[in-house]
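S.K.: What follows is a single structure, and I will ask about it in a moment.
Bear in mind these aren't lab numbers, they're just calculated from the coordinates by the rules spelled out. Just so you know, these numbers come straight off a predicted model, no measurement behind them. Cβ sites come from the backbone with ideal geometry, for glycine too, and all protein chains shown count toward neighbours.
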Amino acid sequence: MIDVQNLKKSYKSFQAVNNSNFHVKEGEIFGFLGPNGAGKSTTINILSTMLKPTSGEVTINGYDVTKHRNRVRESIGIIFQENTLDEKLTAKENLMLHCKFYGVPRLKRKARINEVLEIVDLKDSVNSLVEKFSGGMQRRLEIARGLLHYPKVLFLDEPSVGLDPQTRAHIWEYILRLKEKENITMFLTTHYLDEAEISDRVAIMDHGDIIAIDKPKKLKQQLGGDIIEMTTTDNEAAIQEIKANFDVVDVSLKDDVIYCKVENSDAFVSNFIKTLQTPLTGLDIRKPTLNDVFLSFTGREIRD
Ligand SMILES: Nc1ncnc2c1ncn2[C@@H]1O[C@H](COP(=O)(O)OP(=O)(O)OP(=O)(O)O)[C@@H](O)[C@H]1O
């Protein structure tokens, strides 16, 4: 459904996207994860025909994004980072306008509007002014609007940025409901790790490069083992002790917390706690996250 080959984009001498290559299958949720400035919006803008690539080939639903822009536009829906609804209109008026722009046949408009409002649970607010909606409701209406013309691909640029955690969780319920109901291919950009985790596959981007691409579970498995985070009364002494006396894959210190990567935490921890001479003040065992994947490739955290 999405095919990207050797995609490059530069702004004057600055290379924002360096030679990207990836494919997205029909019905897949594909996440683009990276810190601010990684090149995510640039990529989504090229894929959705809003920005011209410097070089490379991109097809959406079989259509080239530079040669067949209108065909591509018919095939896609977009949920932008910022609110693009008309706040002085009602939900229904906003949707009706979009139906007209996208050529949804007159006789089908009402039914389709009802259908999409049902998906995002906004049927009761159909005649309310958008300016009266909460942030979460506005986002849901934007998602509904993006679906009106039966797009094959839905682009979501940071779909839940600026929303509180509860509303974010709800937005995700709707997105997953959509996947089930309409088998839409979804391409989303995010810098939230938990959102990337929901994706079927994720591409991790940094400084314009795709540095890893796979199922979230596989990316994390590649790191191997478990992570033990600990605080001690003397971190320097503890690190020396760990390096000298314990079988660890890796040990590092960040913000007064020691990170130890071990092959198997079950086998490691009980002996470690008994043997370590430097007093421990805290200890937490966890599985690797996508942030650890990013860290292992770049030496930085995504939230940095
Ligand atoms: N029109 C432009 N002119 C010059 N540089 C630009 C332009 N648009 C983006 N950039 C630069 O290109 C790089 C990638 O930007 P982009 O917006 O694609 O990143 P992003 O990963 O989407 O980040 P964010 O999450 O902050 O939107 C950044 O360094 C940005 O400053």
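S.K.: Once phi is turned into ³J(HN,Hα) by the Karplus curve 6.51 cos²θ - 1.76 cosθ + 1.60 with θ = phi - 60°, what whole-Hz value does each residue of the stretch 79-96 show in order, with x for glycine and proline?
M.R.: 10, 7, 4, 9, 5, 10, 7, 8, 5, 7, 9, 7, 4, 5, 5, 4, 5, 4
S.K.: Pick out, from 105, 269, 225, the residue whose Cα sits farthest towards the positive end of the charge dipole of the chain, with +1 on the Cβ of Lys and Arg and -1 on the Cβ of Asp and Glu.
M.R.: The one lying farthest along the dipole's positive direction is 105.
S.K.: Shape of the stretch 121-194 from its Cα gyration tensor (a ≥ b ≥ c, root eigenvalues): rounded if a/c is under 1.5, otherwise prolate when a/b > b/c, or oblate?
M.R.: The shape class here is oblate.
S.K.: Here is a follow-up. Pairing the Cα long axis of helix 165-182 with the longest principal axis of the chain, what angle in degrees results, from 0 to 90 and rounded to the nearest 10?
M.R.: With rounding to tens, the tilt is 60 degrees.
S.K.: Kindly state, to the nearest 0.05, the FRET efficiency for residue 52 paired with residue 285, given R0 = 35 Å and r defined as their beta-carbon distance.
M.R.: 0.10
S.K.: Within the set 110/152; 52/181; 152/287, which residue pairs have Cα atoms separated by over 27 Å? Numbers along the way, then the final one.
M.R.: On the way: 110/152 21 Å; 52/181 33 Å; 152/287 35 Å.
In this structure, 52/181; 152/287 lie more than 27 Å apart at Cα.
S.K.: What is the stretch 1-119's relative contact order, in percent, from Cα pairs under 8 angstrom and six or more apart in sequence?
M.R.: Taking the mean separation of contacting Cα pairs over the length of the stretch 1-119, I get 21 percent.
S.K.: Can you give the extra length, in nm with one decimal, that the chain gains between residue 3 and residue 269 once fully stretched, where that is 0.36 nm per residue apart less the Cα-Cα distance?
M.R.: Full extension of this stretch gives 91.2 nm more.
S.K.: How much length is gained on full extension from residue 253 to residue 64, taking 0.36 nm per residue of separation minus their Cα-Cα distance?
M.R.: Details: separation 189, 0.36 × 189 = 68.04 nm, distance 4.78 nm.
Roughly 63.3 nm would be gained on extension.
S.K.: Which of the pairs 9/179; 25/92; 40/88; 12/88; 9/67 have their Cα atoms more than 28 Å apart in this structure?
M.R.: Distance filter (> 28 Å) returns 9/179; 25/92; 40/88; 12/88.
S.K.: Per 10 Å bin from zero, what fraction in whole % of the C-alpha pairs of the chain is there, up to the bin with the longest pair?
M.R.: Per 10 Å bin, starting at 0, the Cα pair percentages come out as 6, 24, 27, 20, 13, 7, 3, 0.
S.K.: Right, something else. Under a GNM of the chain (C-alpha, springs under 10 Å), which listed residue has the highest mean-square fluctuation: 140, 106, 177?
M.R.: Among 140, 106, 177, the largest mean-square fluctuation in the Gaussian network model of the chain belongs to 106.
S.K.: Let me ask another. Compute the relative contact order of the chain as a whole-number percentage, counting only Cα pairs closer than 8 Å that sit 6 or more residues apart in sequence. Could you put the intermediate results ahead of the total?
M.R.: Values: 552 pairs, mean separation 61.0, N = 304.
The value is 20 percent.
S.K.: Using a Gaussian network model of the chain whose springs link C-alpha atoms within less than 10 Å, name the residue from 134, 270, 125 with the highest mean-square fluctuation.
M.R.: 270
S.K.: As a test of the formula, what do you get for the chain when each DSSP H run with n ≥ 4 contributes -39,500 (n - 2.57) and the sum is divided by the residue count, at 222 nm and rounded to the nearest 500 deg cm²/dmol?
M.R.: The helix-only estimate for the chain comes to -11000 deg cm²/dmol at 222 nm.
S.K.: Please sort 216-222, 143-149 by packing, taking for each peptide the average over its residues of neighbouring beta carbons within 10 angstrom, highest first.
M.R.: Top to bottom by mean Cβ count within 10 Å: 143-149, 216-222.
S.K.: Determine the gain in length on full extension of the stretch residue 129-residue 10; use 0.36 nm per residue of separation and subtract their C-alpha separation, reporting nm with one decimal.
M.R.: Full extension from residue 129 to residue 10 adds 38.8 nm.
S.K.: Where does helix 135-147 land angle-wise versus the long Cα axis of the chain, in degrees 0 to 90, nearest 10?
M.R.: Taking Cα atoms only, the helix is inclined about 60 degrees.
S.K.: How big is the antiparallel share of DSSP beta bridges in the chain, given as a percent to the nearest 5?
M.R.: 65
S.K.: Could you work out the relative contact order of the stretch 150-304? I mean the mean sequence separation of Cα pairs under 8 Å and 6+ apart, divided by the number of residues, in percent.
M.R.: 21
S.K.: For the stretch 212-253 and the stretch 33-79, what is the separation of their C-alpha centers, rounded to whole Å?
M.R.: Cα centres, the stretch 212-253 to the stretch 33-79: 39 Å.
S.K.: Cα gyration tensor of the stretch 225-287, axes a ≥ b ≥ c as square roots of the eigenvalues: rounded (a/c below 1.5), prolate (a/b > b/c) or oblate?
M.R.: rounded
S.K.: Same structure again: Using alpha carbons only, how many degrees (0 to 90, rounded to 10) separate the axis of helix 265-275 from the longest principal axis of the chain?
M.R.: Between the helix axis and the principal axis of the chain, the angle is about 40 degrees.
S.K.: For the stretch 1-128, what class follows from the C-alpha gyration tensor (a ≥ b ≥ c being the square roots of its eigenvalues): rounded when a/c is under 1.5, otherwise prolate if a/b is larger than b/c, else oblate? Intermediate values should be presented prior to the final figure.
M.R.: Values: a/c = 2.30, a/b = 1.92, b/c = 1.20.
Cα axes put the stretch 1-128 in the prolate bin.
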